[in-house]
Amino acid sequence: MERVFVMPDLGEGLEEGRIVEWLIGEGDDVALNQPLVEVETAKAAVEIPSPFAGTIVALHGSVDVEVAVGAPLVTFEVDGAAETPSPTMRQVA
């Protein structure tokens, strides 16, 4: 099943972040909480961890691109294990 992970709210009213570096690539297998991407905001640079284990299907955005909170960031292929979607995940039919 495919799931889309969207840019999370990084706090303090920030509405976007700039992709500094992808730490994974399409086709990579990732573990739960593995760092996916380094994002820079007006306040700091942060690594965003994976919300689940799976295979990277697509990266949305390239280095030096601003991504809005709530915009697609990474599409995963995950096992059919029941996970409760959070506001930063969307299931793709």
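Residue by residue, here is whether (1) touching a strand residue (DSSP E or B) at 6+ places or on another chain (Cβ under 6 Å); (2) at pLDDT 95 or above holds:
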{"residue": "Glu21", "(1), (2)": "yes, yes"}
{"residue": "Glu26", "(1), (2)": "yes, yes"}
{"residue": "Leu32", "(1), (2)": "no, yes"}
{"residue": "Gly61", "(1), (2)": "yes, no"}
{"residue": "Leu73", "(1), (2)": "yes, yes"}
{"residue": "Glu77", "(1), (2)": "yes, yes"}
{"residue": "Ala82", "(1), (2)": "no, no"}
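At least 1 residues that are surrounded by 14 or more Cβ atoms within 10 Å (Cβ to Cβ) and in contact (Cβ under 8 Å) with a residue 40 or more places away in the chain in each: list the strands (runs of 3 or more DSSP E) lying fully within region 1-49 that qualify.
2-6, 16-22, 45-49
Out of (1) under 12 Å from Phe76 (Cβ atoms); (2) of a type in the set (Gly, Ala, Ser); (3) buried (at least 18 other Cβ atoms within 10 Å of the Cβ), what's the single condition that is false for Ala53?
Unmet condition: (3).
Would you mind stating whether Phe52 is of a type in the set (Phe, Trp, Tyr) and modelled with pLDDT of 95 or more?
On the way: of a type in the set (Phe, Trp, Tyr): yes; modelled with pLDDT of 95 or more: no.
Taking the combined requirement at face value, the residue does not satisfy it.
The values are calculated or read from the model by the stated rules, or taken from the named source; none is laboratory data. The shown structure was predicted, so the numbers you read here are calculated from the model rather than taken from an experiment. Note: ideal-geometry Cβ built from the backbone for every residue, glycine included; neighbour counts use all protein chains shown.
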